[in-house]
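Take a look at the structure below.
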Amino acid sequence: MGEVSTRDESRDRRSAAQIEADIARTRAQLAATLDELAVAVHPSTIMNEAKAQAKGAVDRTVGQAFVAVNRGVEQLKAQFVDEKGRPRKERIVPVAAVAGAVVIGLVLIRRKK
């Protein structure tokens, strides 16, 4: 019975030295792949990747918080400064009066203790 070969005819004509070289090359590739896998599953690699992911999440959260706070500050500033950058006295005076009253109240409460 005749066998049908699915391999390339030129590969079948390799010399023993060529086959040995192919085997050596395949072994080297396999060794490199195994080394990469060993590094990838090493506990310190996994820990470092987890740390990097956590740091990235914290950095994103801090960045988002900064943007939110900055937006809030700008909105608050807009309440006390007009479009031309001049202070809005009709809004500043009442807030300053309330703040002064709170400070005076706290001072009086502390003196009684």
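Read-outs throughout are calculated quantities, based only on the coordinates presented, and are distinct from any laboratory measurement. The shown structure was predicted, so the numbers you read here are calculated from the model rather than taken from an experiment. We place every Cβ from the backbone using ideal geometry, glycine too, and count neighbours over all the protein chains shown.
Some observations on this one:
- Taking every Cα-Cα distance in the range 14-80 and sorting them into 5 Å bins starting at zero, the pair-distance distribution P(r) comes out as 3, 14, 9, 10, 8, 8, 7, 7, 7, 6, 5, 4, 3, 3, 2, 1, 1, 0 percent.
- Cα centroid of the range 54-96 to Cα centroid of the range 21-41, whole Å: 57 Å
- Student exercise, the range 3-113 dipole from Lys, Arg, Asp, Glu Cβ charges, in Debye to nearest 20: 1720 debye
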